[in-house]
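The values are calculated or read from the model by the stated rules, or taken from the named source; none is laboratory data. None of the values given here were measured: they were computed from a predicted structure. Reconstructed Cβ throughout: ideal geometry from the backbone, glycine too, with neighbour counts over all protein chains shown. Side chains included, ligands, DNA and RNA excluded: accessible areas come from the protein's heavy atoms. Shrake-Rupley method; radii C 1.70, N 1.55, O 1.52, S 1.80 Å.
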Amino acid sequence: FSAMSSKDLFKGLALHALCIPAWVLAPAVNLYAAAALASSRTRKLAVGIWVVTLAALVSKPGPSDRFVKLMYWLGPASLARYFGGDHQLRGHLEEMNQGPTVYCFHPHGVLAGGFSFNGCWSEDFHTRAPGTVFLISSVLRQWNFAFKLLCDLSGRLESISVENIRGIMGAGQPLAIIPGGFADAAVQKFGEQRVVMDMPLMSILVKNGLQHGYRLLPVYTFGESETFRTVEGLYDQRLELAAKNIPGVVFFGWPACPIFPRPQASLLTYVGRAVQLPTIAKPTPEEVAHWKHVYQTALWATFEEFKADAGYPDATLVECPVATRRSKL
């Protein structure tokens, strides 16, 4: 942090403090409340926590322009300093906002830094792709009370579900999503470029994209795998958790606050060339499989085109195999 002004430091930490604890620590609050029930002296506290949690879950405040402006103000300059001076949206930016598009972010990493900070909370992204709906796990969106409040105020974060995907595409809106989901997080290894492609979500995106003639735009973030160190092993068990929409990752970031990402990392997010899907009312499984392969080829081309510019000239993008399972969306 030697090159960072105190103002930039405060803004960078404030943005992380708004987003990350809401994602990570909210479930722990309810676990504490459950433990507090065991003692008569803390029972009222437990009830109070659950009343607040329930109120947050059932309420739905409307989008707040002030909240979005706050996130924009906290974001670009301070994050550029926080992440080693490199925190940008790059690549074929002219491909954005060229018709109905699915912005497919890769990889997930631990806390989806590229998707969050170079996408959802990036004023640059929303200037180039206005009206984009960011789809995230329903477990986070609906059942994590603190994160739900953040999503409600943003007006741009919704749950991943087949119904939502169909509704958004039926309306011709752009959407952003991480096709690898929690499986991507489960296979992350520090410093390596890994993605999971063989997930039901990818097939759902391609099938609905074919029905509505969407574009699939690969978006790859270099540096995502260096934001946190993770505990490796037990991949099969953690992938089983991911298939049930449960994040199966243990991580450690900045030593001063381990749930914050390592400041040494960079987050460079590159937009590739879009795959224009034809319009097919009833695509066959063979057609879905074909266009999945075409998209995967475009993702690998994006990686190879920009890896040297991102500072990873010798990197290789590895697809981690995952046994096909029914994923709980």
Screening Leu267, Leu277, Leu299 for residues that are buried (at least 18 other Cβ atoms within 10 Å of the Cβ) and out of contact with any helix residue (DSSP H, G or I) (no Cβ under 9 Å at 6 or more places or on another chain) leaves only Leu299
Picked from region 238-262 (must be in contact with a strand residue (DSSP E or B) (Cβ under 8 Å, 6 or more places away or on another chain) and not in a loop (DSSP other than H, G, I, E, B)), the residue least open to solvent (accessible area, probe 1.4 Å) is Phe251
Is it the case, given these coordinates, that Ser159 is over 28 Å from Arg229 (Cβ atoms), in contact with a helix residue (DSSP H, G or I) (Cβ under 7 Å, 6 or more places away or on another chain) and not charged (D, E, K, R)? yes
May I ask you to verify whether Thr227 is buried (at least 17 other Cβ atoms within 10 Å of the Cβ), β-branched (Val, Ile, Thr) and out of contact with any Lys or Arg (no Cβ under 7 Å at 6 or more places or on another chain)? no
Of Phe134, Phe105, Phe115, the only residue that is in contact with a Cys (Cβ under 7 Å, 6 or more places away or on another chain) and either at pLDDT 90 or above or part of a loop (DSSP other than H, G, I, E, B) (or both) is Phe134
**Report entry** Phe117 in contact with a His (Cβ under 7 Å, 6 or more places away or on another chain) and crowded, with 22+ Cβ neighbours inside 10 Å
**Finding:** yes
Of the residues in region 264-283, those that are within 15 Å of Gly213 (Cα to Cα) and assigned to a loop (DSSP other than H, G, I, E, B) number 8
With criteria (1) open to solvent by less than 70 Å² (accessible area, probe 1.4 Å); (2) closer than 23 Å to Ile160 by Cα, Lys307 comes up short on (2)
Scanning region 198-230 for residues that are within 16 Å of the chain's Cα centre (by Cα) and of a type in the set (S, T, N, Q) gives Thr221, Ser225, Thr227
Within region 139-175, the residues that are more than 19 Å from Gly119 (Cα to Cα) and either of a type in the set (Ser, Thr, Tyr) or without any contact (Cβ under 8 Å) to a residue 12 or more places away in the chain (or both) are Ser161, Glu163, Gly167, Ala171
Q.
Going residue by residue through region 190-201, is there one that turns out to be in contact with a strand residue (DSSP E or B) (Cβ under 9 Å, 6 or more places away or on another chain), closer than 20 Å to Phe251 by Cβ and either modelled with pLDDT under 90 or surrounded by fewer than 18 Cβ atoms within 10 Å (Cβ to Cβ) (or both)?
A. yes
> Do we find a residue being modelled with pLDDT under 95, of a type in the set (Gly, Ala, Ser) and under 18 Å from Val196 (Cα atoms) anywhere in region 302-323?
Replying inline: yes
Over region 204-218, the set of residues within 23 Å of Ala281 (Cα to Cα) and open to solvent by less than 40 Å² (accessible area, probe 1.4 Å) is Ile204, Leu205, Val206, Asn208, Gly209, Leu210, Gly213, Tyr214, Arg215, Leu216, Leu217
So, first residue under 9 Å from Glu123 (Cβ atoms) in region 61-73, second residue at pLDDT 75 or above and open to solvent by 40 Å² or more (accessible area, probe 1.4 Å), Cβ within less than 6 Å, six or more apart or across chains; the pairs are Tyr72/Glu123
When every residue in region 127-158 that is in contact with a strand residue (DSSP E or B) (Cβ under 7 Å, 6 or more places away or on another chain) and hydroxyl-bearing (Ser, Thr, Tyr) is compared, the one surrounded by the most Cβ atoms within 10 Å (Cβ to Cβ) is Thr132
Flagged in region 207-223 as of a type outside the set (S, T, N, Q) and either in contact with a strand residue (DSSP E or B) (Cβ under 7 Å, 6 or more places away or on another chain) or without any contact (Cβ under 8 Å) to a residue 24 or more places away in the chain (or both), in numbering order, are Gly209, Tyr214, Arg215, Leu216, Leu217, Pro218, Val219, Tyr220, Phe222, Gly223
